[in-house]
1. Find the residue count for the stretch C:379-396, including only residues that are over 16 Å from residue C:341 (Cα atoms), in a loop (DSSP other than H, G, I, E, B), touching a helix residue (DSSP H, G or I) at 6+ places or on another chain (Cβ under 6 Å) and away from every other protein chain (no Cβ under 11 Å).
2. Being surrounded by fewer than 22 Cβ atoms within 10 Å (Cβ to Cβ) and farther than 30 Å from residue B:291 by Cβ is the requirement here; does residue B:373 meet it?
3. Using the structure shown, decide if residue B:497 is touching a strand residue (DSSP E or B) at 6+ places or on another chain (Cβ under 9 Å), on the phi > 0 side of the Ramachandran plot and in a loop (DSSP other than H, G, I, E, B).
4. Identify all residues within the stretch C:265-299 that are outside any helix (DSSP H, G or I) and over 17 Å from residue C:190 (Cα atoms); write none if there are none.
5. Out of C:316, C:279, C:321, I need the residue that is in contact with a helix residue (DSSP H, G or I) (Cβ under 6 Å, 6 or more places away or on another chain), touching a residue at least 40 places away in the same chain (Cβ under 8 Å) and within 14 Å of chain A (Cβ to nearest Cβ). Which one?
6. Output the residue which, of all residues in the stretch B:164-186 that are out of contact with any strand residue (DSSP E or B) (no Cβ under 9 Å at 6 or more places or on another chain) and in contact (Cβ under 8 Å) with a residue 12 or more places away in the chain, is surrounded by the most Cβ atoms within 10 Å (Cβ to Cβ).
7. Mind checking which strands (runs of 3 or more DSSP E) fall wholly inside the stretch B:70-175 and carry at least 2 residues that are over 34 Å from the mean Cα position of the chain (by Cα)?
């Protein structure tokens, strides 16, 4: 096969991968699925619309954002650090999940999802939101608006959003440090 | 999760179909493990490679990103497969009005040419064809006019991903690839089916009908120029002639209606829509030519169907398959992965993989192009009502559902819609003619609602309009006409159980959203210029189940009290695994510790079922049921809201038998051994905090009881089979010498740790096949109130709030029910306001549709923080749970459209109601 | 998104003109406004009202007079300027808040002279500078239509510019200098279709208000009509026959664009999107043909075809960014996806000489936009935080050279200036 390749080195869930030869022009979702066996960043639309495939890009300035991997070339991630949903919950050395993250636990407690296909995207978006609020808390009365804005781009087809939104809202309200009472 | 410990006893048995041994083993199941344990499958040494599959279907797996869907599976996850993963794509036509003349791949550089191209010629040579259900031309031969847009013409197979990926970039959206010839116009074909349901009641709603589908039967037309031609009317002719006699009489009465009747005729249209299950259709398969084995990983709502069809497909072919290993996976489809053809394309791709496993997985454009669609309905309704009494008098409906290019279940969906089009109301006379037409649109399936969303929405819009015409409150008008217990449906059937439509309507009427709506509208509109406030209501009844409901369940209690449940149900995302686990609580005090779904191998209770249960006559059944292994249906697919009632029945019956003949005698023995001489009745026992209690006696834990039951070789496991055709089949079974009549037709029990023994069934009694004519017999009633605002500037509709009312018996898992209501509401909002597909050339068959054009509701569209729901308390704590997933997705559609009518005074009858439609009215 | 409110460079001239204005005031003393009076009852024939509706759409009244989320024609749209914010007014027939007491004469005066019923001058945010060419018959038809609208009790927000720009009287002087009876033709033609097109484009459509450059005093520079101007963040491009042809436009493509917002070479975005949705798509096919006839001239210049792209190394920085950030939707070869994402190859924005619109699109992204006939283009993320000035310049140059036939002359400084 003579497709031109470019080397990719990327840190995923704390583990450095590469350099691996990635065909030039391959989207990150395909690298995750076909080359790295990380299949949970799911293909929903392939066009950056449904956000089922987002990963968390951790910037050097300690901020993070979600990036849709279906429309972002693998090369964009060269030298960057990302988290996929597989890396959100702590795991032991056998790779087994030992405990869930607060967001994941909230989604379980609230029966937020049914089929679970969109769940990785919601986990990542909510995780980024919680981390952001930890850095800059918001007024309690703004929580619902903030949650809605953070999750709006994510499509869910089973449970009609309510249980995702309520899980994140209540998690924010009950977690010290994410909200402030003064204006 | 308890790790499985496969043992010889759980050895997987093959079903033999046409000489092919079929092993159906869901990924991650014990059956899957047993394939290796029994060395039916062997894992070559991968140089120490970890070949274990981390495939799980529980919520933790879903939320932590483990492999859950068939979509997640690659060859490397299948330890016995070659590790190289091939990939396939399907070339499809985007025109269906001209000849298909082959294709041209010259756009591909030599590097990107497929490793294998499969065309109709290959299939013909190798004798591979669709199972009958799916019709002809799995791949369209050259020189023919395609039957429909998006029909497959070739499968291109690549042995690696990168070349596949980059070739697909070149081919997709390129309309120079497929060549066309002479314009022929689309194929003209007879409808897939057509039926007419005529009913003329007796003097009172519960007296015997003069004529009805249940009594005399529905009837069918002949066809001329592909249009239905109904029989000539004759009072004394056959059912069709008689039916037309009464249909004409109804028409005549309406044509010469008395002056105090109001007669309205309205044309309604629903849209073609996509279920938009987020997991696109996919399959992954490997053909091992040396061993003549075919391995398939599939996403399907109906694994049994795939097993049978895939086996008969390869059995009829010349490719040489002795063994077929089918691995169904957790999936989601809302009906679009039930009886759909992707698994068979996956099978073909695997066969031509040249020894390399081949994955066929739609992207979203391809999914829009091919996935089973919601039928587009055109409905002309005429309703007559007596102005003075406000009572409905007659209902005429002419319904045409566009069934698209392949028949699939279009007839069933259309007729289900037709026979439920009376919604929750009583009509003394009805004439409902329904046709599932054939067209060049994409084929359609059992989308959530199964025909009833469309037909009931139309009825609810008209009922609202009539109430307004009569000057009645729309809920008061509905209450006058709601069907009460004992009253017959448009089919002439008396629905089972207490009918709770009236209770649901009363709830809605009392709700503040409804009672204060007029004042709120005046207020709101006054202080919000350019906004129009409205509140709309609609109700619905929805049958659950299909009339062909059957399942197996096995419940076992281990000596340590662990409960294991196996079931034929599949998890389709609705929480069946949780709800069936919870169904064990009633008799065993705890949810099952381990649940295995989609189990197809039931050696303990062998059954024989006819190929086509719909073709059974009463006489057939009477003759065949003498065979103690015979049953009308072996297992039904997971669909049609059938898990909570039908599947729970088998789970509970198995659990009850384990309780009654295992745990209960064990409890008596323990108490007796402690010198307690009371002999309480089993009925007085209750589970409390995981312990069995009877007044005054010391509570006993499940582990203690289970140990005792095992020690005493009491019943510790039961495998049951049951069949329901709007009523359960029943038989007498003798357990420990005591004969009892059970709503089961197959039963085996296990004593202690022994083997299962099959019990003889006696005096089996099935509901007669004729009763399927009732079409609907078990109902859930739901209703919805929608509070909304129409923005005159943009034409957009914003939901401020909605409230859903559901009656569904006892809840198994309340959170799942509420999740279904919320999800159903979101789906309704999409159907009411945004989701829409053109049927033909501009539609998804052109392969360019995605979520940018097909607007699914987002969080901001569904009143996410303000919506509420109300589940009616069950009639008693023994009322069974009722299927509600489909019913919950129906009434909000019409409630929204009625709310728009309240807001701006215009009644829309064509869905979805778009901003442009609203602007055209307000402009 | 907001629509450009014919931004307000003309107000710069207000102070300069104040003296002239005072003189004019003294000489004419024409402040003879009315504030009350009878509520008008208009009973025009249905066909006149229907024609008025059509003309109101062609004149795109709703774009400014209907605020997002507001009642139709009730005004309220805010048009920010460096001198304060100007608000569109309520033109529903409400007697107190709208124009319910206005006569057809009053209405005509506003459209033709830029004078309100109360005698105050309008700011030329209201494009009377273009509407001045409207026939009285058409003005009356629009009047008949708007007087049939549902009255909205929405008070006008008072426009209050800083002194001296709040002296509306200054506009009288401005009008003396710049208000002309007819605008210069953008193309050569004489056919009846061309004439009608001219009326549609110059008068009703008031296209020049955005597409014609504005001078120091905010006036349209009529010596260079329709040659393009950046009133807001985006440039309204050159739509002269030569300008259109240079970017490959044909009459058919232009008709598609005005009729649906979509062509093979791009989709309407920014301020042109609502123009298409509210106005041009509602033109009759006949009028569309005529509008295009005028824009391209009776003898349209041949479209310039896209020159073959020079080879660019796969490892060039611009190509690297394209593959990383753009190709996922626009395609490795720049072909886009039909009905989903516009193509880059030949894209009209990439063929503009000025890279402004390209750079702004890259930095800001674009919201998802609906179009007629169930069309919708997906959202484009903004890449301001993912591209340095140098990377953005490299990417813009790659796009311009590969797909636009333009020079790779974008500098990091040009990007920085637009951040």
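The values are calculated or read from the model by the stated rules, or taken from the named source; none is laboratory data. Just so it is clear, the structure is predicted and the values come from calculations on it, not from any experiment. Reconstructed Cβ throughout: ideal geometry from the backbone, glycine too, with neighbour counts over all protein chains shown.
1. Residues that pass the stated criteria total 1.
2. no
3. Yes.
4. C:265, C:266, C:267, C:268, C:269, C:270, C:271, C:279, C:283, C:284, listed by residue number.
5. Only one candidate qualifies: C:321.
6. To start, the set of residues in the stretch B:164-186 that are out of contact with any strand residue (DSSP E or B) (no Cβ under 9 Å at 6 or more places or on another chain) comprises B:169-170, B:174-176, B:186.
Filter again for in contact (Cβ under 8 Å) with a residue 12 or more places away in the chain, leaving B:170, B:174-176, B:186.
Numbers: B:170: 18, B:174: 13, B:175: 12, B:176: 10, B:186: 20.
Only one residue fits best here, namely B:186.
7. On the way: elements: B:86-92, B:98-103, B:116-119, B:152-158.
Where strands (runs of 3 or more DSSP E) fall fully within the stretch B:70-175 and carry at least 2 residues being over 34 Å from the mean Cα position of the chain (by Cα), they are B:98-103, B:116-119.
Residues checked against (1) in a helix (DSSP H, G or I); (2) closer than 19 Å to residue B:636 by Cα; (3) touching a strand residue (DSSP E or B) at 6+ places or on another chain (Cβ under 7 Å):
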{"position": "B:529", "(1), (2), (3)": "no, no, no"}
{"position": "B:542", "(1), (2), (3)": "no, yes, yes"}
{"position": "B:565", "(1), (2), (3)": "no, yes, yes"}
{"position": "B:572", "(1), (2), (3)": "no, yes, no"}
